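Shown next, in structure tokens, is the structure this report addresses.
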Amino acid sequence: MNVVFVTHAYPRWDGDVAGSFLERLILALSARGVGVRVVAPADMGKGGKELRHHIPVTRVRYAPARWETLAYRGTMPTATQSVAGLISAGSLVWRQARTVSRLWREQPFDLVHAQWWVPGGVSAWLARRPYVVTLHGMDVVFLEHTAVVRPIARRVLRGAAAVTAVSSDLADRAAAVVGLERARIVVQPMPIEASGFQASQGGGGIVTVGRLMPRKRLDVLLLAVVELRSSGRTVPLTIIGDGPERPGLERRAAELGLAGQVRFLGEVPPARIPQALGNADVFAFPALGEGFGLAAAEALMAGVPVVAARDGGGVSDIVPEQGAGRLVSADPRELARALGDVLSDPDARRLAAAAGIALRHRLAPVTVAENFEALYREVATRA
């Protein structure tokens, strides 16, 4: 079984967060004997062929070096709002498709596995080879907010031999927006390496992890901490991550009188997340419409109960309504009440640890790789 992965995010060095979950899956597939090649974009002129952990990777040049900034920075949606950005995106899609076709001629493959319906899915569709598409989150948000791209997405998804999504919520939303049968979309999260997670002993208060952007709704979390304090419960809050909202959040924390109660740790490499979670008592996750909710899963793996927003998207596949966590409205009072409930619940940590053990098995790289290999073989027999 030989597969070409097409993606706009794949690690450039050890510790690089861009597409690290894909590398985890690919290495697990390789360990099972699946041959994998990766096609990914170049980065500011740094392209060509390389071997990363014995996996052949082709970094496709698609523009002058100074314009090769679409990938790896999380700026693709805004970059494509300019003429230059659209030209670069079109070039990337076309050149990745040509690279897939060339690799297929050099060595017969069984199928292409495209990550995100765009740009990877479009490249796979243009290459005219059997392909699987995986939806990760922002590609579905793009579909929901940009009607003009829906006809293209409809062709890409309907032309796929199989479509997968990392959460039930994403599968539901994608099916609705492009008119695809929901039964055609297989829900399969990406793998998580849980070996570094140690059980939290508690005492660290509230912790949250994520890119600091509006959809994370950390302003609501700050207000919830104020609500907790007004009810007589002063609990420290640690915010792990960086992003455009950080300066505003730091100012807001100071305005609310929380400067001494809230810590901003900045961005932490994935390998250090278990250590950064430390001895959290509860993990807060008020984000809106997450594709999967990786941070919430990692918290449960560390035995930390999770309070998340009910409209948090894929997080509803992970966090229960009661016991190991709570799902509530993204309202400061409700969020504060749920945080207080978990902090006072003597069984929450035990139940979170049990939920984390189940997640460790479900999301282990070997388990996820086995599931994808079975899907690949099923698709190959139909091709």
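The values are calculated or read from the model by the stated rules, or taken from the named source; none is laboratory data. These numbers were taken from a predicted model, which means no experiment stands behind them. When we count neighbours, we look across all protein chains shown, and the Cβ atoms used for this are built from the backbone with ideal geometry, even at glycine.
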- Message: Out of the residues in the range 292-315 meeting the condition of being in contact with an Asp or Glu (Cβ under 8 Å, 6 or more places away or on another chain) and over 25 Å from Pro346 (Cβ atoms), tell me which one is surrounded by the most Cβ atoms within 10 Å (Cβ to Cβ).
- Response: Gly293
- Task: Could you tell me which residue of the range 13-33 is farthest from the chain's Cα centre (by Cα), considering only residues that are closer than 17 Å to Lys49 by Cβ and crowded, with 19+ Cβ neighbours inside 10 Å?
- Result: Ile26
- Note on the structure: Selection from the range 265-322 of residues touching a strand residue (DSSP E or B) at 6+ places or on another chain (Cβ under 8 Å), within 18 Å of Met190 (Cα to Cα) and assigned to a helix (DSSP H, G or I) yields Ile273, Ala295, Ala296, Glu298, Ala299, Leu300, Gly314, Val315, Ser316, Asp317
- By residue number, the members of the range 125-149 that are assigned to a helix (DSSP H, G or I) and either touching a helix residue (DSSP H, G or I) at 6+ places or on another chain (Cβ under 6 Å) or closer than 17 Å to Gly313 by Cβ (or both) are Trp125, Leu126, Ala127, Met138, Asp139, Val140, Val141, Phe142, Leu143, Glu144, His145
- Thr99 being over 29 Å from Met213 (Cα atoms) and in a strand (DSSP E or B): no
- Note on the structure: Contact list, first residue from the range 61-82 and over 22 Å from Pro244 (Cα atoms), second anywhere and of a type in the set (D, E, K, R) and buried (at least 21 other Cβ atoms within 10 Å of the Cβ), beta-carbon distance below 7 Å, six or more apart or interchain, is Tyr62/Glu68
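Looking at Ala194, Ala295, Ala224, which one is modelled with pLDDT of 90 or more and of a type in the set (A, V, I, L, M, F, W, C)?
Values: Ala194 fails: modelled with pLDDT of 90 or more; Ala295 fails: modelled with pLDDT of 90 or more.
Answer to the selection: Ala224.
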- Could you please find all residues in the range 71-88 being among the aliphatic types (A, V, I, L, M) and either touching a Leu at 6+ places or on another chain (Cβ under 6 Å) or more than 22 Å from Phe5 (Cβ to Cβ) (or both)? Met76, Ala79, Val83, Ala84, Leu86, Ile87
- So how many residues does the range 193-231 have that are closer than 30 Å to Arg154 by Cα and either surrounded by 21 or more Cβ atoms within 10 Å (Cβ to Cβ) or in contact with a Lys or Arg (Cβ under 8 Å, 6 or more places away or on another chain) (or both)? 1
- Here are Val368, Val342: which of them is β-branched (Val, Ile, Thr) and not assigned by TED's automatic domain parsing to the domain that holds Leu327? Val368
- Do you know which of the residues in the range 34-56 that are free of Cβ contacts under 8 Å to residues at least 24 places away in the same chain and assigned to a loop (DSSP other than H, G, I, E, B) is nearest to the chain's Cα centre (by Cα)? Gly47
- Item | Output for the range 136-154, where each listed residue is touching a Gly at 6+ places or on another chain (Cβ under 8 Å), at negative phi and in contact (Cβ under 8 Å) with a residue 40 or more places away in the chain | His136, Met138, Val140, Val141
